[in-house]
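The values are calculated or read from the model by the stated rules, or taken from the named source; none is laboratory data. Keep in mind that this is a model prediction, so the values were computed, not measured. Note that each Cβ is placed from the backbone with ideal geometry, even for glycine, and that neighbours are counted across all protein chains shown.
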Amino acid sequence: MTDKSTKASGDRFEVAVIGGGQAGLAMGYFLAKQGRHFTILEASNSTGPAWRSRWDSLVLFTPRRYDSLPGIPFPGDPDGYPGRDEVIDYLESYAATFELPVQLNSAVQSVASGDDAFILNLGARTLQADQVVVATGPFQVPNVPAFAADISSDVVQMHSTGYRRPSDVPEGTVVVVGGGNTGFQIAKELSSTHAVHLAIGSRQTPLPQRLLGRDLFWWLTKTGLIKKTVDSRIGGGARDRDTLIGSSTRDVKRHGVEVKPRVVDASGGAVKFEDGSELEVDAVIWATGYRSEYGWIDVPVFDQTGRVLHRRGVTDYPGLFFVGLTWQHTRGSALLGWVKDDAEFISERIAATADKRPLHVGVEAGTAGTSQGA
């Protein structure tokens, strides 16, 4: 891996991959196999930055046998569940093993189309690339409701990206806002040291971690459900439902967590719930997910709401691709062990496009057919 200071201005590549997480590294693996002249641009000072912003005790809900990127099995007990630091170590080792050309501290400020190449502005320098793969993933900008600004400064607030361990949270009453896997896991961990309330805003579909002695993902793999595409009836229905794996309201209640309805407002030291009740709190943890931010991409591949217009990561603008989006193609598209499927597909499209440059004929956003939000 190289620091951005080692690269001169005006570099030209066949492919520029934006993002040095699991999607970008998997993409790099296939590009290297093709012998492409490419680079992976990572804004932070290390690979896998999204994992580094997770809490200390995070454990994946996929066993190690299902957590591998192409070319290297995830080390350790294949039936065990890796922690956050194991994933970070694996990604670092992966990039080093294949000598992937990751440029750290290389934040892309804009992407635009030039006469015969994409122009990537990195502030102090500019790169050109025949093709671009956006691999920034679904975890981009923390999503916090606007009314959070009305909460008193005496109340400690943090998004789940800022939470590391229970000692980070002041003593007293805590409300964890968000009914996904993150909210449930943080609420359960905090319950041993704090009075915890978990506010859930939507209906979840709880699934057991293990069923009939087998891990859930063994069943999803054997039945082919993990491969169901977003265009299928089953896949399309699953995409629109929140799925809890290994967690449930009954489970957190056993740990002393009080389950509350959706938080709809807040002021001073109190949060207000959908049922009209209020709760004075000492801390709020927003496990409310993320939103995508693509304002830096000056290419017409978005609809009016800012969602990416694509078909399995392929946009209607020749040479611009995405990988690692949630439900880009299947349930596994944004998961560590399955992102390789879309990365390989995109690499094949890159190879097919490589002999057809230049092809920059744009389309108006909103005309690309299937649209999937990141």
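Identify all residues within the range 196-225 that are charged (D, E, K, R) and under 18 Å from residue 244 (Cβ atoms); write none if there are none.
203, 210, 215
Helices (runs of 4 or more DSSP H) wholly in the range 1-103 with at least 2 residues that are β-branched (Val, Ile, Thr) and touching a Phe, Trp or Tyr at 6+ places or on another chain (Cβ under 8 Å) - which ones?
Helices (runs of 4 or more DSSP H) meeting the threshold: 84-97.
Please identify the pairs in which a residue from the range 42-60 that is aliphatic (A, V, I, L, M) has its Cβ atom under 6 Å from the Cβ atom of a residue that is not in a loop (DSSP other than H, G, I, E, B), counting only partners at least 6 apart or on another chain.
Listed by first residue and then by second, the contacts come to 58/84; 59/83.
Does the range 135-184 hold any residues that are part of a strand (DSSP E or B) and either free of Cβ contacts under 8 Å to residues at least 40 places away in the same chain or surrounded by 16 or more Cβ atoms within 10 Å (Cβ to Cβ) (or both), and which are they?
Passing the criteria: 142, 151, 156, 157, 158, 159, 173, 174, 175, 176, 177.
Which residues, taken from the range 311-337, are in a loop (DSSP other than H, G, I, E, B) and surrounded by 24 or more Cβ atoms within 10 Å (Cβ to Cβ)?
Correct list: 313, 319, 323, 324, 325, 328, 336.
Residue by residue through the range 294-310, note down the ones that are within 24 Å of residue 234 (Cα to Cα) and in a loop (DSSP other than H, G, I, E, B).
Residues satisfying the conditions are 307, 310.
Just need a number here: residues in the range 274-293 that are free of Cβ contacts under 8 Å to residues at least 40 places away in the same chain and among the hydroxyl-bearing types (Ser, Thr, Tyr).
Total meeting the criteria: 1.
Please verify whether residue 349 is modelled with pLDDT of 50 or more, touching an Asp or Glu at 6+ places or on another chain (Cβ under 8 Å), of a type outside the set (Gly, Ala, Ser) and in the same structural domain as residue 24 (by TED's automatic domain parsing), treating the condition exactly as stated.
So residue 349 does not fit the description; no.
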